[in-house]
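I have placed the structure first, in the form of structure tokens, so that the comments after it can refer back to it.
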Amino acid sequence: MKNASPSRTTRAELYAALDAYLAALKGQDPARCGWADTVHYTENNVALGIGEGLWGTISGLGSYDLRFADVDTGQVGFFGSVVETRDESPFTVRIKVAGGRIAEVEAIVVRAADSGLKFPEPLFEHKPALNEILKPSERAPRARMISLADGYFDTLQLNDGTIFTRIHPHCMRVENGVRTTHNPALTLTSVARLGCEEQLRLGYYRYDDRLRARRYELVDEERGLVLARAFIDHCGRLGKYRLTDGTQVESPVRRPHSFYVLELFKIKEGAIEQIEANFITVPYGMPSPWDERC
């Protein structure tokens, strides 16, 4: 007689595991979590022991709460913010649950003082589109969702104006808590006033040389969400270049470095509707400690 296959972890159970983790983190008490016998734990792309890093400095959690779950792989994701003394920082975590216990934690804390990025103060705004549960007719199969997200990274890599995915005209992108599309008030880039596809068709991000180590481990099909992990490499060699409309611009990146990013894509009716990303600067070409587990 064959053994019965293990039941899937439900969304409610995954959210309960996330709540337990966040409560333990806020209380600086990892013993309040149920951990697997072997746990792979990283913070800002560095493998740490449970209880290190943010566990020792957190003083609070912000009110922003964007959560999603993949019942097929037993994973749950979260975008929020953490407070360390006076600073509130964007925070993303991916947790894998196995046998009712936490087996993996991958976290990013975007500490402005350490990032080297000239971003404005983040706004942790509720986003209805990311929380919407899709009608069955609006959903896409898991493989198609991953393909659309991967096509976005293909579009961003050596961006020359060619689009390798489908993007809603009103698609909005938020990076490190800052809206970087449809935002004329943002002077960080010359294209922030434009929509996501308009920016990409101009070829503004040509200085993004490589989108590597891409992984798509968490897919929430009910809500049309794909969580991606990747590195964006910049060799820093590109100087002045022309956009597809003929405008000459200069690359904002003139040194070798990489971004480590956790990026969330909302896929609705076969197109990317919204994007939320948190990323930090890491040494150029830095590998991922997760690759060792592949």
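Roughly how tilted is helix 142-156, in degrees to the nearest 10 and between 0 and 90, from the longest Cα axis of the chain?
Helix 142-156 sits at roughly 40 degrees to that axis.
When the C-alpha atoms of the stretch 128-293 are aligned to their principal axes, what extent does each axis show, in angstrom, from largest down?
For the stretch 128-293, the Cα spread along each principal axis is 47, 40, 26 Å.
Highest mean first, what order results for 273-279, 243-249 on Cβ atoms within 10 Å?
Put in order of decreasing packing, that is 273-279, 243-249.
Mind pulling up the Rg/Rh value for the stretch 250-294? Radius of gyration and Kirkwood radius, both on Cα.
In the stretch 250-294, Rg relative to Rh is 1.11.
For Leu48 and Asp19, what does the FRET efficiency come to when R0 = 22 Å and r is the distance between their Cβ atoms, rounded to the nearest 0.05?
0.50
Counting each DSSP H run of 4 or more residues in the chain as -39500 (n - 2.57), what helix-only mean residue ellipticity at 222 nm follows after dividing by all residues, to the nearest 500 deg cm²/dmol?
When only DSSP H runs of four or more count, the value is -4500 deg cm²/dmol.
Show me the three semi-axes of the equivalent ellipsoid for the stretch 129-194, from the C-alpha gyration tensor (sqrt of 5 times each eigenvalue), largest first, rounded to whole Å.
Rounded to whole Å, the semi-axes are 24, 17, 10.
Using 0.36 nm per residue, how much length does the chain from Ala129 to Arg142 gain when fully extended, once their Cα-Cα distance is taken away?
2.8 nm
Angle, helix 11-26 long axis vs. longest principal axis of the chain, Cα atoms, 0 to 90°, nearest 10?
With rounding to tens, the tilt is 90 degrees.
Simple spin-label model, 7 Å along Cα-to-Cβ: Arg212 to Val83 in nm?
4.0 nm
I want to verify the translational diffusion coefficient of the chain in µm²/s; compute it with Stokes-Einstein, Rh as the Kirkwood radius over Cα pairs, at 25 °C and 0.890 mPa s.
Value of D from the Cα-based Kirkwood radius: 124 µm²/s.
Full extension from Asp72 to Thr244: what is 0.36 nm times the residue separation minus their Cα-Cα distance, to one decimal in nm?
Separation in residues times 0.36 nm, less the Cα-Cα distance, equals 57.7 nm.
What residue among Ile232, Ile108, Ile58 has the largest mean-square fluctuation in a Gaussian network model of the chain, using Cα springs under 10 Å?
Most flexible of the set in this elastic network: Ile58.
If I model a spin label at Ser59 and Leu158 as a point 7 Å from the Cα along the Cα→Cβ vector, what separation in nanometres do I get?
It is 4.8 nm.
Sort the following peptides by mean Cβ neighbour count (other Cβ atoms within 10 Å, averaged over residues), highest first: 131-144, 251-264, 156-169.
So the order, starting with the most tightly packed, is 251-264, 156-169, 131-144.
Viscosity 0.692 mPa s, temperature 37 °C: Stokes-Einstein D of the stretch 11-115 from its Kirkwood Cα radius, in µm² per second?
It diffuses with D of about 239 µm²/s by this estimate.
At 0.36 nm per residue, and after removing the present C-alpha to C-alpha distance, how many nm does the segment from Leu186 to Asp29 gain when stretched out fully?
Computed gain between Leu186 and Asp29 is 52.6 nm.
No value in this document is a laboratory result; all are computed from the given coordinates. Here the structure is a predicted model, which is why all the values come from computation and not from measurement. Every residue, glycine among them, receives a Cβ derived from its backbone with ideal geometry; neighbour counts consider all protein chains shown.
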